[in-house]
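The values are calculated or read from the model by the stated rules, or taken from the named source; none is laboratory data. Here the structure is a predicted model, which is why all the values come from computation and not from measurement. For neighbour counting, all protein chains shown are included, and Cβ atoms are generated from backbone atoms with ideal geometry for every residue, glycine included.
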């Protein structure tokens, strides 16, 4: 049974590239473009990991992660961001790990793999 990954990224090209990389590595992928759709997806289906952009229109990844934790969702959440490392310090406790853009997909999914073997 393949592992389920939810990718929330507002930039279409980045979302498609991450999704394609994940599928090519055997993951079942659901991809959304904002935090509202992220929350809807996690209420409809169980995911093994969530990968989200920090800054998205509507509901950002930080707010979505906080809502998930408030709802006792223990799914690991990995953030992707273009903001400075200093700004990330304020929200790092909401995530399992934070990657700065541009993201190396190989490194990202290597880490995802380490989370899913536990």
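The residues of the stretch 85-102 that are farther than 16 Å from residue 60 by Cα and more than 15 Å from the chain's Cα centre (by Cα), listed by number, are 85, 86, 89. What about residue 40, is it at pLDDT below 95 and more than 12 Å from the chain's Cα centre (by Cα)? No, not satisfied.
Here is a yes/no grid of residues against (1) part of a strand (DSSP E or B); (2) touching a strand residue (DSSP E or B) at 6+ places or on another chain (Cβ under 6 Å); (3) crowded, with 16+ Cβ neighbours inside 10 Å:
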residue	(1), (2), (3)
6	yes, yes, yes
16	no, no, no
59	no, no, yes
64	no, no, yes
